[in-house]
Amino acid sequence: MKTKTRLLAVVPLALTMVVGLNTEAGAVTKHWSSAPYGGGFSTWSTPLDRCVTVNISGTMEYRWWRKQPTTDRKDMWIDQIRLKKPQMEMIVKGNCRANGAPRKLTAAKMSQRIYDYGCETSTAITVSAPFAVGVTPTKKCGRIKVAKRASSFSNDNSKYYQFNTGRPATFKPQGMDAAPYKGKKSICLRADVTATAVIRNYDDSMSKTLSICVKVFK
């Protein structure tokens with residue numbers, strides 16, 4: 001039960017989202033719901049004299065069923081989380097304000113590594129190309145299993161994009177619990193996001209760990 005306890009504090013999402021009535025074999029009816037997620041950060045690079053903004057976005061889908069379907073209770077079990085079209089972008093400007101003018105780089109690299117919010121090594125992960133899965137060092141939990149994708153760009157530009165079609169990553173944490181009260185309203189994963197900006201012979205790197213969450217209950 002340790003896994004459940006660690007994940008209780010981070011679980012959420014309102015059933016105002018699209019619900020697909022996928023019935024699974026067995027005693028309970030399981031459903032898929034979904035909601036968009038997003039996150040990012042901006043960093044000023046002194047050596048490059050530019051502001052680098054990195055954003056991630058996509059749709060999080062989760063499979064759920066009622067713990068007590070014959071009552072009015074809303075408590076749910078969630079046993080799968082899928083990422084649909086997880087994207088990543090790097091935007092480079094002359095300052096970090098919203099109206100900053102675009103400034104070009106000569107090359108760029110960026111990567112995202114996504115893993116269980118509770119950082120449990122037992123979490124099952126399945127991926128499809130171009131994502132990969134492996135035991136990798138993370139900023140929060142040491143070496144655990146993650147879904148990862150890295151991209152490199154060698155063209156002059158002020159914007160770079162990493163596109164991922166379909167549902168390239170599925171997480172299967174055990175016993176995740178969602179209930180409609182404070183502290184247990186979101187489903188979350190972690191993303192270690194890294195970007196490297198290059199101008200000719202100079203480069204600068206920046207990284208941050210983001211919580212990517214969607215609400216299960218209002």
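Looking at Asn155, is it open to solvent by less than 10 Å² (accessible area, probe 1.4 Å) and either within 17 Å of the chain's Cα centre (by Cα) or more than 15 Å from Gly58 (Cα to Cα) (or both)? Judged against the criteria, Asn155 is not a match.
Among the residues of segment 196-213, those identified as farther than 15 Å from Ser111 by Cα and under 24 Å from the mean Cα position of the chain (by Cα) are Ser211, Ile212, Cys213.
Whether a residue is surrounded by fewer than 18 Cβ atoms within 10 Å (Cβ to Cβ), touching a Phe, Trp or Tyr at 6+ places or on another chain (Cβ under 7 Å) and modelled with pLDDT of 90 or more was assessed, and Lys139 does not pass this test.
Scanning segment 168-218 for residues that are modelled with pLDDT under 85, surrounded by fewer than 19 Cβ atoms within 10 Å (Cβ to Cβ), of a type in the set (D, E, K, R) and not in a strand (DSSP E or B) yields Lys182, Lys184, Lys218.
The values are calculated or read from the model by the stated rules, or taken from the named source; none is laboratory data. Just so it is clear, the structure is predicted and the values come from calculations on it, not from any experiment. Because the Cβ atoms are built from the backbone with ideal geometry, glycine has one as well, and the counts that use them run over all protein chains shown. Quick note on the areas: whole protein, heavy atoms, side chains included, nothing else; ligands and nucleic acids left out. Shrake-Rupley method; radii C 1.70, N 1.55, O 1.52, S 1.80 Å.
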